[in-house]
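A.B. asks: Let me give you the structure first, and then I'll get to my questions.
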Amino acid sequence: MHVRTRKLAFAGLMLAVTIVCLYLGNIIESNTLFLLAGASYFVGIVYREAGAKMSLAFYVGALILGFFVTPNKFYILTYAAMGLYILFNEWAYFKIRKKENIRRQSVAFWIVKYLVFNVMYLPGIWFFQKLLFARTLPVWMFAGVVAAGQIAFFLYDRAYEYVQGSLWNKIRNRW
């Protein structure tokens, strides 16, 4: 089997698992964010295994299929934001790693991560307050939502690093 065909088959299998996670997020309402996060992690797995172009195609394919399969379209928007963050995360990781003149690559990487997250998160909660909270929030409550988002992002990113660094490395050796 050619390497390109193997990568394509791998991405197809990961796409199937992603769509199952997206659909299960609609059925098991209590675990929706967990399943959406798990589905978005596959974007990064495909990025590392098959490259940037295949991962971008995987991401677009998951959005299109998810739109047709998933009854709640708001979950697709959430998955889109999570998957887009993972794409930028992986891209930034490989770009920063190639730069040898950056002394503190991990600090630069965390700065890029928080910038990407906040560029997506802050306008989202600012412009869609009435959709998300059914009213405009007072300033103190908006600050609390921003702080809670930063904590949730930190946990999401740490979980992603654990999945990539520990779980996926164990699974890929058996693949």
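A.B. asks: Over the chain, what relative contact order in percent results from Cα pairs under 8 Å that are six or more residues apart?
C.D. replies: It rounds to 19 percent for the chain.
A.B. asks: Of K113/K170; K53/K95; K7/K73, which pairs sit farther than 19 Å apart, going by alpha carbon to alpha carbon?
C.D. replies: Going by Cα-Cα distance, K113/K170; K7/K73 fall outside the 19 Å limit.
A.B. asks: Please report the net charge: other residues with Cβ closer than 15 Å to the Cβ of F142, K and R +1, D and E -1.
C.D. replies: +2
A.B. asks: Roughly how many nanometres apart are two label points built 7 Å out from the Cα toward the Cβ at I27 and R135?
C.D. replies: Here the modelled spin labels are 3.8 nm apart.
A.B. asks: Then there's this: Using just the Cα positions, wrap region 19-175 in a convex hull and report its mean projected area in square nanometres, one decimal place.
C.D. replies: Here the figure is 10.8 nm², rounded to one decimal.
A.B. asks: Also, I was wondering about something else. So which chymotrypsin sites (Phe, Trp or Tyr not before Pro) in region 47-155 end up in coil per DSSP with only 12 or fewer other C-beta atoms within 10 Å?
C.D. replies: Filter output for region 47-155: F128.
A.B. asks: Identify which of L137, L56, L77 has the largest mean-square fluctuation in a Gaussian network model of the chain, with springs joining Cα atoms closer than 10 Å.
C.D. replies: L137
A.B. asks: If you look at just the Cα atoms of region 2-72, how large are its Rg and its Dmax in Å?
C.D. replies: 12.2, 42
A.B. asks: Between V146 and K73, what is the label-to-label distance in nm when each label sits 7 Å out along the Cα-to-Cβ direction?
C.D. replies: 3.1 nm
A.B. asks: Oh, and also: If you put +1 on each Lys and Arg Cβ and -1 on each Asp and Glu Cβ, how big is the dipole of region 1-133 around its Cα centre, in Debye rounded to 20?
C.D. replies: It works out to roughly 600 debye.
A.B. asks: For region 2-78, what is the accessible area per residue in Å², given a 1.4 Å probe and the full set of protein chains?
C.D. replies: For region 2-78, the per-residue accessible area is 54 Å².
The values are calculated or read from the model by the stated rules, or taken from the named source; none is laboratory data. As the structure is a computational prediction, the values presented were derived from the model and not from experiment. Note: ideal-geometry Cβ built from the backbone for every residue, glycine included; neighbour counts use all protein chains shown. All accessible areas refer to the heavy atoms of the entire protein, side chains included, with ligands and DNA or RNA removed. Shrake-Rupley method; radii C 1.70, N 1.55, O 1.52, S 1.80 Å.
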